[in-house]
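Here the structure is laid out as structure tokens; the discussion comes afterwards.
Only the coordinates and a few stated rules stand behind these numbers; no lab work does. Keep in mind the model is a prediction, meaning the values are calculated, not measured. No Cβ is skipped: glycine too gets one built from the backbone with ideal geometry, and neighbour counts run over all protein chains shown.
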Amino acid sequence: MIKKQLFFWMVFCVGVLQAQDTIPKTDTIKKKRVSNEYVELYDDDVKLRLGFSNSFNSFHIKDPADNLDFTLAPNQRIKTTLTFAYKFIEFDIGYTPKFIRFNKDDSEKIKSSFYNIGARFYFGQWIQNVQHSRTKGFYVDKDDIGATENVLFPSFQVSRYGGSTSYLFNPNFSFRAIYNQSEWQKQSVGSFVPSINYNYTEITDDTPGKDHIIDVAIGPAYYYNWVIDNRFLVAPGVYGGVGYNHTKTVYEDATLDEVVDGISLQTQFRLTLSYNSEKFYTGATASLNTFYYDTDPKIHLQDRQQFFEFYVGYRFKGPEKVGKFLDNPPKPPMKPKKK
């Protein structure tokens, strides 16, 4: 399964590189980016970043009619994420290694597994983000439902495919400085960043039903990079969007499918604290991303994605030939015109 996903991402990245060549080669596109008074660039460096986070996805369910109010969540574990960044591409993969086991309560709560893979592409002031994640093993805390023991769902699995497309209004604002520090902000500045977010979520369990959820939201965001003493950065950000949710439950038996459509709301809060030097960089990020929607007129659901991450990174000189190829990809051969 993992091999197939890695192959898909390799093909996707090659497609993006080829798609670049279809853009008209204006002087603006051909001109190599250079550092200025606002942003320090590291385009010619390869950036490797290792992060440690407790990233997880949870569902808060509220049903006033039945007096239910509980959270379905995985058992938190430390997850590692390795990020590779070069030129306009960032690629990351995250998993839970067996040798990093801080949870000693798998029998009391649940044994959860995590996996994610993603990429970001920067085209001028446009940012394209794509992600895939999978989480298996959830539980409901006994205190939420007044039980004597936690309710375990070892087969409950959430698979998510999603992405976002964003535009930076302020070209002097460095979005890369707050995500993977493949750039550095030299002067304090903020930017309005409208985005469209889209997610497809598949939820399976050991029951006959399977949930298919589509979320699309569009809205404004604002980020601010506050530079302290040239080496430190405090970067808060907030996003609010409104969109559409489609939830379909498909049953393997004779039960009729259930479909719910409605308006959804999305909020995201993010805070990054970071330190930067010429080669070494480190920092911490906290983020909470929530979708609000109703699975039916009486049941309210919050789909939460939250994490806290600490990371360290290092930059080193990239291969010159590869850099030249990415800066000026070869043009495809021209097809001869038919007479």
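Evaluated at 4 °C with a viscosity of 1.567 mPa s, what Stokes-Einstein diffusion coefficient in µm²/s does the range 176-270 have when Rh comes from the Kirkwood expression over alpha-carbon pairs? D = 80 µm²/s.
Rounded to whole numbers, the Karplus 3J(HN,Hα) couplings from phi for the range 86-91 are 7, 6, 9, 10, 10, 9 Hz, using 6.51 cos²θ - 1.76 cosθ + 1.60 with θ = phi - 60°, and x at Gly and Pro.
With an 8 Å Cα cut-off and a minimum separation of 6 or more residues, compute the relative contact order for the range 53-327 in percent. For the range 53-327, the relative contact order is 15 percent.
Neighbour counts of other Cβ atoms within 10 Å put Tyr311, Tyr281, Tyr115 in the fewest-to-most order Tyr115, Tyr311, Tyr281.
Each label was represented as a point 7 Å from its Cα along the Cα-to-Cβ direction; for Ser113 and Thr165 these points are 3.5 nm apart. In this structure, the amide hydrogen of Ser112, modeled 1.01 Å from its nitrogen in the peptide plane, lies closer than 5 angstrom to those of Asn75, counting only residues at least 5 positions away or on a different chain. Per-residue Karplus couplings for the range 280-293, computed as 6.51 cos²θ - 1.76 cosθ + 1.60 with θ equal to phi - 60°, are listed in order as 9, 8, 7, x, 9, 9, 10, 8, 9, 10, 10, 9, 10, 7 Hz, Gly and Pro entered as x.
Under the simplified labelling scheme, the Arg304-Val260 pair shows an inter-label distance of 1.9 nm, with each label point 7 Å from Cα along Cα→Cβ.
A convex hull fitted to the Cα coordinates of the range 53-327 yields 156 cubic angstrom per residue.
A quarter of the convex hull surface defined by the alpha-carbon atoms of the range 101-257 gives 13.2 nm² as the mean projection. Residues whose amide H lies under 5 Å from that of Phe169, counting only those 5 or more places away or on a different chain, are Phe192; hydrogens are built 1.01 Å from N in the peptide plane. Legend: ranking of residues Trp126, Trp184 from fewest to most surrounding C-beta atoms inside 10 Å; resulting order Trp126, Trp184.
Legend: residue pairs Lys32/Lys79; Lys62/Lys248; Lys47/Lys136; Lys186/Lys317, Cα-Cα distance threshold 27 Å; pairs beyond threshold, Lys32/Lys79; Lys47/Lys136.
Between Glu252 and Phe123, the distance separating the two model label sites (each 7 Å from Cα on the Cα→Cβ line) works out to 4.1 nm. Taking the fewest neighbouring Cβ atoms within 10 Å as the starting point, the ordered list for Lys47, Lys279, Lys62 is Lys279, Lys62, Lys47. Phi-derived couplings, Karplus 6.51 cos²θ - 1.76 cosθ + 1.60 at θ = phi - 60°, listed residue by residue for the range 153-166: 10, x, 9, 5, 10, 10, 10, 10, 10, x, x, 8, 10, 10 Hz, with x used for Gly and Pro. Between the amide H of Ser264 and those of Gly243, Tyr244, Asn245, distances stay under 5 Å, these residues lying 5 or more places away or on another chain, with hydrogens modeled in the peptide plane. How many percent of the alpha carbon pairs in the range 29-96 exceed a separation of 17 Å? That tail contains 66 percent of the Cα-Cα pairs. Loop-located GluC sites (Glu not before Pro) in the range 230-280 (DSSP state other than H, G, I, E, B) with a sparse environment of at most 14 neighbouring Cβ atoms within 10 Å: Glu252, Glu278.
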